[in-house]
Each structure stands twice: as C-alpha cells, then as structure tokens.
1. If I take every Cα pair under 8 Å that is 6 or more residues apart in segment A:296-422, average their sequence separation and divide by the length, what percent do I get for the relative contact order?
2. Report the label-to-label distance for B:Glu525 and B:Ser549 in nanometres (one decimal), using points 7 Å from each Cα along the Cα→Cβ vector.
3. Sorted by average packing, counted as other Cβ atoms within 10 angstrom per residue and highest first, what order do A:319-330, A:432-443 take?
4. Given a Förster radius of 45 Å and the C-beta distance between B:Glu380 and B:Thr560 as r, what FRET efficiency does 1/(1 + (r/R0)^6) yield to the nearest 0.05?
5. Let me see the pair-distance distribution of segment B:520-594: every alpha carbon pair, 10 Å bin width, integer percents in order.
6. Which translational diffusion coefficient, to the nearest whole µm²/s, is obtained for segment A:368-509 from the Stokes-Einstein equation, given a Kirkwood hydrodynamic radius over C-alpha pairs, 25 °C and 0.890 mPa s?
7. Which order do peptides A:387-396, B:131-140 fall in by mean Cβ count within 10 Å, highest first?
8. Please get the size of the charge dipole for segment A:296-422, origin at its Cα centre, with Cβ charges of +1 on Lys and Arg and -1 on Asp and Glu, quoted in debye to the nearest 20.
There are 2 protein chains.
Amino acid sequence: MTQMLKTHHCGTLSKANVGETVILNGWVQRRRDLGGVLFIDLRDRSGIVQIVFNPAFSGDALAVADRVRNEYVLAVRGKVVERDAETVNPNIPTGEIEVQITEIEIMNAAKNPPFFIEDGIEIDESLRLKYRYLDLRRPEMQRTLMLRSKAAKVFRDFLDENGFIDVETPILTKSTPEGARDYLVPSRVHPGEFFALPQSPQIFKQLLMVGGLERYYQIARCFRDEDLRADRQPEFTQVDIETSFLSQDQLLELMEQLIVRLFRETAGVEIPAPFQRISYADAIGKYGSDKPDLRFGLELKDVSDIVADSGVQVFASVIKKGGQVKALNAKGCATWSRKEIDDLGVFAARYGAKGLAWMTYKEGELKGPIVKFFSEQELEALKERLEAEEGDLLLFSADTKKVVADVLGNLRLKIGRQLGLIDDSQFKFAWVVDFPLLSYDEEEKRYVAEHHPFTRPKEEDLHYFDTDPGQIRAQAYDLVLNGYEVGGGSMRIYQREVQEKMFAALGFSKEDAQEKFGFLLEAFEYGTPPHGGIAFGFDRLVMLIAGRSNLRETIAFPKTASATDLLTDAPGAVDDKQLEQLSIRLALKPPTNK
Amino acid sequence: MTQMLKTHHCGTLSKANVGETVILNGWVQRRRDLGGVLFIDLRDRSGIVQIVFNPAFSGDALAVADRVRNEYVLAVRGKVVERDAETVNPNIPTGEIEVQITEIEIMNAAKNPPFFIEDGIEIDESLRLKYRYLDLRRPEMQRTLMLRSKAAKVFRDFLDENGFIDVETPILTKSTPEGARDYLVPSRVHPGEFFALPQSPQIFKQLLMVGGLERYYQIARCFRDEDLRADRQPEFTQVDIETSFLSQDQLLELMEQLIVRLFRETAGVEIPAPFQRISYADAIGKYGSDKPDLRFGLELKDVSDIVADSGVQVFASVIKKGGQVKALNAKGCATWSRKEIDDLGVFAARYGAKGLAWMTYKEGELKGPIVKFFSEQELEALKERLEAEEGDLLLFSADTKKVVADVLGNLRLKIGRQLGLIDDSQFKFAWVVDFPLLSYDEEEKRYVAEHHPFTRPKEEDLHYFDTDPGQIRAQAYDLVLNGYEVGGGSMRIYQREVQEKMFAALGFSKEDAQEKFGFLLEAFEYGTPPHGGIAFGFDRLVMLIAGRSNLRETIAFPKTASATDLLTDAPGAVDDKQLEQLSIRLALKPPTNK
C-alpha cells in the first residue's frame, strides 16, 4: 500500500520529457491489447497519455496491467519515449509520445460505469445527475468547472485591485416582506420563529454602505423558492457589488472594464467598450424585449399610424383601445409555405397573440389575405416603413403594447435563429437603462416598484411623483448579453424626502413602511452616503462563456427542475425527534387525484 | 442634487498633494469652532483629514458647514495646504496638511449616533450589534473586515497558483445521519421533506475527488445548530480543501506554505516552517490538551510511578483503578497565599477535579499538608521529576487520564497567563498528529469514530482492527495556534477492504452502512483515488491575526450567543400562509416556569 505518487500530469507530457522517468496517477480511459502488448489511455485532470506495457520492458507489470478495466485508478512508473512516426496521434496534445511502463500499482478498482467518461455523450440527464461524480470526470465538465473557478478569480482580482472589500453576509437571515418566496429555516432556540435564506444580500449590502465600507463585493449564494424553469436553480450564485460616492456612469464604466477583463481572461475574446446603451423604451420598441439579442437586426416597426384607418377591423379597434399594431419584416421568407406561416401563428399564440396577420412581397407587390383592406397609399407607406423588398414576409401583431412586444419579440428571435442570422461566436453586450420606476398593478389598484422600493428615480423625472408616477424613469440598469440578462442593479435612494415620495407613490403609510422596512429606514437616518450597485448572474455568465445551454452544466451539484438532488436524494424525510426539537410538525394535505 | 464626487480619499492626502484642488466625500468625525473658523475632521474608509472653513476663503460654504453635526455626509471641494508648524498633528498620517474648503454640499444629515464612532469604545455589545451599520464605521471594525477580505484573497491566490479549483457545493443538501444538529429547510415542492444546511462540504468534497477534480477548495459557509458558546456561531466559514494523489506529508507541507504566506501577507510576520509536529499522545501528556498553547513551557509530568505507594490514599486508589497522578510545577508561586491556592482548587473543580493537592518548595524543603505522607526518597524523586527549585509550587491532580488532562491543562493555561509567560505577539503553530481513530463509547457500548467513519487508519496500525481497535491511530491532523485549533483534517479511506474493517469496528452491519452512507459508498466503488484534505477555521484565523478575542468582531453581521441577529431581529414569526405552503405547522410546547 505504499504509494507511487505522481511526478507529472498525464496531459502535460510532450517531446520535451522524452528520456525522463515519470510517475503518473490516473484513471483508465481505455485499454487495447495488440498481440500481447497492452496500450492504456491514462487520464487525469490535465488530459490523456498513452502508456504501454510490453514484455520487453514491463516485466511483472504487464500481468498486473492485464487485470485493469475502465476507470481503474493506477499509479505507474515508466520512461517517456517518442512514438514511431506512423503511430503519432495528432488529435491529442500528448500524441507524439508514450510512456513505457516498468512498474504499476492498482490504487483502486472500479465497477463498470453506467456511461462512458467522454465528451458529447447522449444519455438521459437524470442518469448523469445521479452519478454526478462520474459525470464530473468527463473533460467538458472539468473544463467548465475550471472555467468557473477562473471566472471567479478574475472577478475577485479586478474588484480587489479596485478597492472592493469581500464581505460575507448572513445566510440565516430574516424573511423579506415582498418578492419571491423565501426558503424558511425553523429555529430550535426560538420556538415558532424562522430564519429565511436570502434572495440576495440586498439589504446587507446597503447597510454596508451606511457602514462606510464604500466598496463591497461578494460572490454570494442566493435562494428562491420559485417554480423552476430550465434556467433557474433554487440556489444560485451572484457576483454582488455595491459602491458609495460613484455616479451611475462611473459605476457602469467600471463594470464594463470588469466584464471586458472577464471575457479577455476566460474566453480569450476582446469585447469592445463602452457597451451600447439602449433605453428600456427603445429595447421594447425595437426588439420587443428588455433583454434584446443584438447580434442581428430584424427590428420591429410601429405601423399603428399607417393602419389605424385601414379596413382591418381589429387593427382599428386595438388602436382605439390604446393598443398598437407593429410589424416585423422576415427578410426573404415570402417563399415559406402556408403551413410554415400557420406554424408562426401557433407559436405567436403561446405569447398571447389572438392572430398573426401577414403579407408577402412577391413579383413587385404585396400579397395575402389582408391586402385588400388597405389603400394604395397605405400599402406604399407599409413598404417604406418596413423596408420591404422582393421576397420578404411581413408579420403584424395588434394588441396591447405588452402582448405585441412579447409576440413580435419572440417571433424575431425564432425567425432570426431560423434564418441563421445569429453568430454564436459573438458576445454582444448592451446596457438597458431608464427602466420605469413604477408600474401600475391592476389587481392591487396601486403602483408597485419595478425593481425595489429603494431604487433611485432619475433627477429630471422627480416632478412626475405629483402628476404621473408611471412616467418616472429609474436610475436602474440591466446588462444584457445575447438575449440574456446577465446583470442588473440601480442607484439607491439615500435621501429621506425622496424615499417618502416613493413610499407615498406605492401607497404605503408611514406605519406600513415602518413595519416592512423598519430597521433599514432607521439605518438610513444616520448619515447614508449616495450609493448604488449591481449583481451579475454568475451561473449564467459562466454558461454563456462556456457555450453551454443549461445552467446545470455550470454547477458541480445542481438540482433538477423539481428542486431535487438526484445524487444525495435531497430533500428527504427527517426524524420526528428532529421536528419536535424545532417545534414544528408536518401538516400534509390529503393526496388529490391529479 | 448634482453631486461632487470624490477625487481623493481623506486618509491618503499628504504633503505631496499640497497645492492641489481636491473633492472629498466623507463623514463628519467632529467639528470645532475656533473664533469663527470651523475645523472639521472628515472621515472616510481610508482615514481622517482636517478640513477648514474660514471666512477668508470659504464664502457661503462656512454658513452651510455651520449646520453640520457628527456623522453628516459631506462633499467638499478645497485646496490642500501645509499646516503651520505649531498645528501639525503627528498622531494622524494626514497631520501635516489640511484642506481649505471653498465649496460644500451636505449629501445627507444624520441623527446623533448612540455611541461614538471611534476605536476602543466601551459600551454594551448588544448596542453595537443592533446598530451594526454604525459600529462598522469604526476604524477597528473596518480594519478587521479589510483584513478578512485580504486573508481570503491570500488563501485563494495561493490555492489557485497551486492548481486548486474553487468549486461551490450545495447549501440546500441532505440531513446527515450523525454529528451535530442540522438546520432544516422544509421543501414546498416535496411536502413532508426537508433539506439540511451543510455542517461542512465533507461529502461533496470527497465526491469531487471521486470525480477526478484532484485539487479542490472553497471558502465555504457551514452551519451547526449547536448550543452556542462565545467562540461559536450558527453559521461560520471554513477554508475547505481536498486533494488526490498526495501523501499526508506532502499535504501538510503544502498547507504550511499556505499558512506562512497568509501570515506574511496579512500580519507581516514570518512564521518558521516546517511547523512542530506533536503526537496526540504527547500533546495530552505534556500539555493536557490536543490544542496546546506552545508559547510557554510549564509541562505536565506523570508522577504516578513515584506516588503509587505513598501514604496518600487517593493517589494509590486512582492509580489502581487505571487512572493517573500528574503534576505541574508553578514556577516561583510558593509565595501565593492559601486563598490563592484554594482558588486554584475551585478553578480545577470546574474541570472535574475532586481536589487539588499541592506542595511548596521553601527554605530548601517541600512543605504542605500532604508532605508527611511521602518518604524521603519519594520527595527526592518528585523534586527531581518536577525540577523543583526554591520558591516553586507543585500542583497534583489524581483522576482518570481525561480529568487529569483537563484539570492540569487548564491550570497550566491559567498559571501561564497569570505569570505573564505568554507572549501575545507570538504565533506558535504546531501540527497535532496521530489522533486515535476510534474511541470507546461507554454508553453505546461500541467504538465510535473520533473524526468520521472515512478517516484513514495508519498503515502500521491496521492489524489492531483484529486485536485492539482502540490502539489504532488515524492519519488525521489538527493545526493548532496559540491554544486554538485553527484547522483539521485527515487522509480518507479509499479502499473497500479498509472501509469494511472500519464499519465492522464501529459495529455497523452492511445494511446499517448502506442506509447511513449509501450513495457515498456506491460512489467509492467506481475508482476512488487516494485522497485527503483539511479545513481551516476562517473566522478564528482572522480573529487571531487581528488580535481580537471574539469571533463576532471578525464577522460583519454576526449572531449573538442565542443565535439572534439583533440588527434585523432574525429569526422572526412568519405568516400562516407561508407555513401552509410548506406543509408544516407550529407545535409549540406550553410555556414552563423557568
């Protein structure tokens, strides 16, 4: 059991090592027996190297090697030699050499794994998650985790160099009055009371600014007990940042430098800065989304003015009710079949479309079932507005602004993808700015905060508090990349009178505000500096840099869409005694037939 | 509301800036009015600078400045000038200059804070915790948090340079079958089931080794729902490390380099390496503790052989029952009063002593109530063994080995402190090694794991599994510093036959083992490399480097000894609706009269 411990890593051996005697430790990737000579691909974190057992130099080691199977753990000693020209393998970095083994130790045996340890396997993801420790041996998983580690390092190095202090904030904290559902943690010491896991360190990072830390960051775990989608996890990681005494422009500029460095050092890509800045209104207007994919055009155009008086009944009535009619020019799609166009309608319906009107531009004129309801001038105006050319397909959505944006924004993405307009090698960043501060909640019959109640309004919009609060734009910003929101934040309110106006706009009485945000409001009374911050979605950034399409690929031990860990089988039942200590009991509902 | 944003930090201005116009942002530390000239000490994270408002150059700014009070947030513009020789303040780094203010903006007002924002305040800690955001403005708190951030950076830089991958492991995980109490998190999606917060990432880090990551680290949040002591927190941070293909010696050597670098870069102290290594048996034997404070001597001596046949009844009977008699020479304490010696007895009783025998060496002979029970030879032997000299006080403890160690170990610390033998500026490290693998649990009538069931036994002790499992030493190690355990770990079992022997020694059937550690045992079947690791107590290391005496001083938002956050008032009550969604209800016990 004395161990031969590695002197070299498998994947780093090259012609420079020829003649050296090395010890390697690793896993058997595969073995081949060629007429009594045994070739094993030995794998460790650094890569693969071919080791050779030959009666000519391996002695007893050959017989031992003959017993090994895939995923056995080996320690071997041998000499690095150059391969014959005809056996050089140009596909692997170590392909010019091999190691002639003189000594072997089987460190551990292995059962036959349930799937091959190699990239690009096509098996059910649940099997990979159950055997995550085997899945993690696959090079693409190791590369992704190493990239993630590297990305964290770049974030930290940059922030450290720029005077940010890494501060840990509590995981056992207090349930927040608004927002997504909290995970709760019963307290044993305080029966009947609960901690909550933080949805973000928002309150604590603002308190750190009140506390004079000036520049804070944390790569922070956050928790949301939401119904999960493919790109959500119950626990996720954000790079959380807050600063004092910086303007929004200064902060965004600093964050651009950070992102440029991140992509330079992890993806090897030079992102041009400054990033494009696009207002929320423009993003919705041109792309139907507040996280537009800017790698391609296909911009939406408002045609309400043109079609308002046309013979299309639904267009006119929608506009009369305050809605709008917008159109998208699907370049060159006039040749699509009726079936293909109908499929677009089905797709549009998912986003709330009651119908999808269309025209084609063929043989010099607009054609299609609705063309007859338009005058010559109207058709000319449409052609011009939509820059229609021979072979184009024009798609129209008429509804509330929100539905129109959703429908055409998603159609734009679908068609862009279908037409191959999206360059997957591109990273296209933009800041979306000037978000509305408030939105009117029809159910609650009041304004609610779009971001949170501490988001600072734009100076020049403050007067709207008294006249039209829905017009107020916030000093809030999202960083979008290729159609994903990868970061978001805001300048915060730090002045008492602005905060009071905000609460009034939200319909909170002084008592409401006190009850919901008491200790934070008290903190704000003791000399709060102007401050603001941002949080980057770390899992998602890593996913995009790694070119993966699922957050689970970037997390060592992720949970499924039903918030289960298939490896450890969490969550699980616990002892009654444990519950008793926590002063809780189960209150299960009778099963329903579903 | 247009803001003057800082061009310089207050504490960094010096004679080099004389003549420059600067903008500063900060908090009012104090103000003095000297005959119409206003002096304000302005504070930011970097330190303090004196700013001056004088009718001669301040114009309207003077009147505004006159309204400010302590902790107001100011933005000021002014010119850096050299102070007159007689007003130079050598106590602060900026004492040679001051800033003549021409423009001021009150960024925010402040209520009068409940305590002064300065170092060394003596107020109730609960007030500091309730107003933590003000407490954090005090320079010593900011220094400690910056030190903590720096320490994290050094750990990460070193580990990164040495090929360790930073991997995040889950916070929502599964309740562990043994060990301290878990914090539980009810699952909404899986009614009646619970996540647990991890006591450490132990299982996941071992799975990462099975997964071929080879070198892992994480600065990880851990959770224990234990009854709290002064130096415990319900959530704490450890630097968690695991490696494959390293021997214990290689790992400890690497960790020594890490610690040396940590102390060099945070404390500016050069720690000599290699660190002393002391066996568990020696640590208990000489210091009565497995985390000995090695900054001073006062070693314990076993005198069982000398006193076994003396006339002291209790000595003889303790030894006959398998106990021992040990003694401590309190150098030069023979002059202590009877009261002082009695107080030592009271102190000893806290650690289980039924009595504390003693002798003094005065005027050339041993004196005291028990001397008469010894022969001349026995007294001579004691003198020699304990190296007794004129003026010494000899203290004897007779009991089980454990009680004797506790009593004399704690007396040693108390007396060492009392005699001023401890140099607080020293950092004295040692590895305590060769811990016992198992200890016999009299209640359960079986052996239990001292560390955990995956700790690797020492090769040369394996044969004891069949004869005397209590004799087996583990490949486990603790790093101790000045009487604190600051790290601990072990090599892990990776071979099936050793694991089976371990389970057998613990009295587990195959089914028991499967039920308790099923998925981990399954993972071990698929080619587990030899591996081992360590975890450093990050909060405690920071505490010791910062020279603080309480873990709460090192944590931005700590909890009290009753696991409460006085700032946010967590834990707290939650809505019935929230509980219903989680399928639990409260089960409060009726209040008892206590």
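No lab work stands behind these numbers, since they all come straight from the coordinates. The shown structure was predicted, so the numbers you read here are calculated from the model rather than taken from an experiment. Using ideal geometry, Cβ is built from the backbone for each residue, glycine included, and neighbour counts are taken over all protein chains shown.
1. Computed over segment A:296-422, the figure is 36 percent.
2. Distance between label points: 5.6 nm.
3. The densest-packed peptide leads the list: A:319-330, A:432-443.
4. My answer for the efficiency is 0.25.
5. Taking all Cα pairs of segment B:520-594, the binned fractions are 13, 20, 21, 25, 20, 1 percent.
6. Taking Rh from Cα pairs, D becomes 131 µm²/s.
7. B:131-140, A:387-396
8. That gives a dipole near 660 debye.
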